[in-house]
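J.: I have a structure I would like to understand better, so I am pasting it below and will then ask my questions one at a time.
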Amino acid sequence: MKKIILSVIILLITTALSAQKKVNFSEEFKKENQGKYKVEVNEVKELLIIMMSITDYGLGNDDMFEQKGDYYQRVLTHFKPYKDEPIIKIIDSLLQKSPLNYIFFSGNAQSYSFKNNILIPSAIYLLPADKVGGEEIKENPIKTYKKEIEDFAIKSKFHDFYKSEEPFYEYIISNYKKYADIGKQWTWLEKNFEAKVNGYIIYTSALINGLNYTGGYKNNDFHLIEMVLPTIDKKENRSEKESEAFNTRGMFTEIDHNYVGTPSEKHKSKINKALKDREKWVNTTTYGTKYYYDGVRSSI
């Protein structure tokens, strides 16, 4: 398969820097999430990733979408017959225009949830992903295509598929808890950096491959970090400790951005001056480097 995305795109978002409110953390939400982290295969996010994976763009991109394994084959068997639906064609055209639309769709998935086949807007997540890689959106694409997404979910019997896969999703979540201890990383980072985080959430899917990203939200004296990551890489010839080490390394490449970013922003002018001759540090002909558009973005 053709590799279209060759680099990890980092999404750094914070409500404090945006005129448009991204999140609205209630006191109840803060109480439920303080000092905790959770791993989730989000229903709406999974639907949108599936929809993107069966576009022509997605079918030809084994770097963005994991195309190995039984789950991918089950997805193709169930959903590929619907790849010519109008909404899939629309999403394909958007991905062809810019791969960042992957993030604008999947990154805003938590702003809606299903209730009786209807997408209901969240009171907590308003527009979580509105800026990335120098591109910005003003309206949530899920709101724009709400009816079409609802109709696709019904026609394709997505809810039946999601329910039938719940044991597999629980297995994915249990592997995260067993083989990638975020708590150890969290403790070490807060001991060595000034940034403090109140809670974490990891969104994962067996369809995620090379495009991972992290984001941060600050609202109502609460700092939440989210990470969008592939499933745990568990190889049979590795011990549990070896598996934890390998998977901790993969997660750490995302989690550390939320801590290194603070001192980097503080010394932004010095970093950009030191890295002003960008072509000495970055191969600008490599796809994806344009999203790391200055010294700070290249260094964190």
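J.: When the residues of the range 128-148 are narrowed to those that are at pLDDT below 95 and within 16 Å of the chain's Cα centre (by Cα), which ends up farthest from Glu28 (Cα to Cα)?
T.: Applying the filter and picking the extreme gives Gly133.
J.: Would you point out which residue out of Lys36, Lys45 is touching a Phe, Trp or Tyr at 6+ places or on another chain (Cβ under 9 Å), loosely packed, with under 14 Cβ neighbours inside 10 Å and under 21 Å from Ile172 (Cα atoms)?
T.: Only one candidate passes the filter, namely Lys36.
J.: Identify, by number, the condition in (1) over 10 Å from the mean Cα position of the chain (by Cα); (2) assigned to a loop (DSSP other than H, G, I, E, B) that Leu211 doesn't meet.
T.: (1)
J.: Can I ask one more? I'm trying to understand the selection: among the residues of the range 137-161, which are of a type in the set (Phe, Trp, Tyr) and outside any helix (DSSP H, G or I)?
T.: Residue satisfying the conditions is Tyr145 alone.
J.: Okay, moving on. With touching a Gly at 6+ places or on another chain (Cβ under 8 Å), aliphatic (A, V, I, L, M) and farther than 26 Å from Val23 by Cβ as the only criterion, which of Ala206, Ala180, Ala195 stands out?
T.: Values: Ala180 fails: farther than 26 Å from Val23 by Cβ; Ala195 fails: farther than 26 Å from Val23 by Cβ.
Going through Ala206, Ala180, Ala195 in turn, just one is touching a Gly at 6+ places or on another chain (Cβ under 8 Å), aliphatic (A, V, I, L, M) and farther than 26 Å from Val23 by Cβ: Ala206.
J.: Separate question: Restricting attention to helices (runs of 4 or more DSSP H) lying wholly within the range 24-104, give those where 3 or more residues are under 26 Å from Ile225 (Cβ atoms).
T.: 27-33, 43-53
J.: Right, here's the next one. Scanning for something in contact (Cβ under 8 Å) with a residue 40 or more places away in the chain, surrounded by fewer than 18 Cβ atoms within 10 Å (Cβ to Cβ) and in a loop (DSSP other than H, G, I, E, B), does the range 162-178 turn up at least one residue?
T.: Checked against the condition, which is being in contact (Cβ under 8 Å) with a residue 40 or more places away in the chain, surrounded by fewer than 18 Cβ atoms within 10 Å (Cβ to Cβ) and in a loop (DSSP other than H, G, I, E, B), the range 162-178 yields no hits at all.
J.: Within the range 142-156, which residues are touching a residue at least 40 places away in the same chain (Cβ under 8 Å) and either under 21 Å from Ser205 (Cα atoms) or surrounded by fewer than 18 Cβ atoms within 10 Å (Cβ to Cβ) (or both)?
T.: Once the filter is applied, which keeps residues that are touching a residue at least 40 places away in the same chain (Cβ under 8 Å) and either under 21 Å from Ser205 (Cα atoms) or surrounded by fewer than 18 Cβ atoms within 10 Å (Cβ to Cβ) (or both), the range 142-156 yields Ile142, Glu148, Ile149, Asp151, Phe152, Ala153, Lys155, Ser156.
J.: Which of the residues spanning the range 105-123 are part of a strand (DSSP E or B) and either in contact with a helix residue (DSSP H, G or I) (Cβ under 8 Å, 6 or more places away or on another chain) or outside the structural domain of Gly134 (by TED's automatic domain parsing) (or both)?
T.: Once the filter is applied, which keeps residues that are part of a strand (DSSP E or B) and either in contact with a helix residue (DSSP H, G or I) (Cβ under 8 Å, 6 or more places away or on another chain) or outside the structural domain of Gly134 (by TED's automatic domain parsing) (or both), the range 105-123 yields Tyr112, Ser113, Phe114, Ile118, Leu119, Pro121.
J.: Go through the range 181-207 and give me each residue that's of a type in the set (A, V, I, L, M) and closer than 29 Å to Ser26 by Cβ.
T.: Ile182, Leu189, Ala195, Val197, Ile201, Ile202
J.: Assess whether Ala206 counts as being outside the structural domain of Arg74 (by TED's automatic domain parsing), small (Gly, Ala, Ser), at pLDDT 80 or above and exposed (fewer than 15 other Cβ atoms within 10 Å of the Cβ).
T.: Working: outside the structural domain of Arg74 (by TED's automatic domain parsing): yes; small (Gly, Ala, Ser): yes; at pLDDT 80 or above: yes; exposed (fewer than 15 other Cβ atoms within 10 Å of the Cβ): no.
Criteria not met by Ala206.
J.: Taking the options Ser93, Ser113, name whichever one is surrounded by fewer than 22 Cβ atoms within 10 Å (Cβ to Cβ) and closer than 30 Å to Val197 by Cα. Full working, then the answer.
T.: On the way: Ser93 fails: closer than 30 Å to Val197 by Cα.
Residue meeting the stated conditions: Ser113.
The values are calculated or read from the model by the stated rules, or taken from the named source; none is laboratory data. Worth saying up front: this structure is predicted, and the values here are computed from it rather than measured. Note that we place each Cβ from the backbone using ideal geometry, even for glycine, and neighbour counts take in every protein chain shown.
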